[in-house]
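To keep things clear, I will list the structure first and then write my remarks on it.
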Amino acid sequence: MTITTTVRTAGDRALRTTVPVAPPFADGTVLDPAGPAVAGAVVRDDTVAPLAPWSAVVPAGHVLTIVDVGGNQSADCLIYDAHDTDERYSVPDTLAWQGNAYIREGSVLRSNLGHPLMTVVANEIDRQDTIGGACSKESNTLRYGQHTEYQHGCRENFLAEASRYGLGARDLVSNLNWFMNVPVEADGALGIVDGLSAPGKRVAIRAERDVLVIVSNCPQLNNPCNDFNCTPLRMIVTAPTTGTDAA
């Protein structure tokens, strides 16, 4: 079998990939780029292509709005202290401090030292996930069969983007999954099911210190986390102003 490697652009960078270059979302897909979820001067505004990674340093006090442009598109997310990347987002610390399995407005995203990294200041869906983890070529093959081996996953996106900051495989930790629906049942069972989001839905997170944020626009095509229809994300960083009124 011949595997074709192509190059996709991610901002001003090139990402080598084995995923086909044909548009991953269907003709007629509704796309709503919306806008910032909180007031403030826009200092960065990027569209992340389907299947691609993104990253930025978000200064303390600034707010990152993530827009689910096509609806039910998972944005897998890692967060690091920008000045000491050994301090990074921690799922157990975050959930233990808040005493709840879901991320909602008001949730404080904590580091492995228990320090606040970011705070959810706006959220337009009922709950956000931080349990479901990230897909990878290996997990795809295990779960869905050898025929998926050519597809890259969020792990590969994370590795490609993290390498720009001198980070590698040992620096990848459990992640957030904005807009992915992973309900936890009464018996503790969980699964990836149809999403709760829609085109133009937003989540906004405020940096409590200078943070490095790495996002994978999830390329998963084999389960409902992206509605089987990978679409763009919009990433908007706004400088702090008085108040956090929705736009």
Note down the nm distance, to one decimal, between modelled labels 7 Å out along Cα→Cβ at A186 and at H83. 4.9 nm
Linear extension gain, Y102 paired with A39, 0.36 nm per residue minus alpha-carbon span: 20.1 nm
To the nearest whole percent, what portion of all C-alpha pairs in the stretch 22-165 is separated by more than 29 angstrom? 21 percent
Rh by Kirkwood over Cα pairs, then Stokes-Einstein D for the stretch 43-103 at 1.002 mPa s and 20 °C, µm²/s: 152 µm²/s
If I take every Cα pair under 8 Å that is 6 or more residues apart in the stretch 65-161, average their sequence separation and divide by the length, what percent do I get for the relative contact order? 19 percent
What is the Å³ per residue value for the convex hull set by the Cα atoms of the stretch 126-234? 142 Å³
Could you work out how much longer the chain between V30 and A60 gets when fully extended? Use 0.36 nm per residue separation minus the Cα distance between them, nm to one decimal. 7.4 nm
Under 11 Å from a label point 7 Å along Cα→Cβ of S174: give me every residue in the stretch 112-131 with its amide N that close. 130-131
At most 10 other Cβ atoms within 10 Å and a DSSP loop assignment: could you name the GluC sites (Glu not before Pro) in the stretch 156-247 that fit? E185
Length gain on complete extension for the stretch T241 to S163, per 0.36 nm per residue less the alpha carbon to alpha carbon distance? 24.8 nm
I'd like the distance separating the alpha-carbon centroids of the stretch 96-132 and the stretch 151-200, in whole Å. 14 Å
Expressed as a fraction of 2.2 N^0.38 Å, the rule-of-thumb size for a compact globular protein of N residues, what is the C-alpha radius of gyration of the stretch 112-182? 1.32
Debye calc, one equal point scatterer per Cα of the chain, no solvent, log10 I(q)/I(0) at q = 0.08, 0.13 1/Å comes to -0.27, -0.76
The chain, relative contact order in percent, only Cα pairs under 8 angstrom and at least six apart counted: 38 percent
Carbon plus sulfur, as percent of the 1.4 Å-probe accessible area of the chain, comes to 52 percent
Tell me, what is the per residue accessible area of the chain in Å², probe radius 1.4 Å? 43 Å²
Among N229, A207, C154, which residue has its Cα positioned farthest towards the positive end of the charge dipole of the stretch 153-247, with +1 placed on the Cβ of Lys and Arg, -1 on the Cβ of Asp and Glu, and the dipole taken about the Cα centre? A207
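The values are calculated or read from the model by the stated rules, or taken from the named source; none is laboratory data. Remember, predicted model here, so these are calculated numbers, not experimental data. Every residue, glycine among them, receives a Cβ derived from its backbone with ideal geometry; neighbour counts consider all protein chains shown. When the accessible area is computed, the model is the full protein with side chains, heavy atoms only, and any ligands, DNA or RNA have been set aside. Shrake-Rupley method; radii C 1.70, N 1.55, O 1.52, S 1.80 Å.
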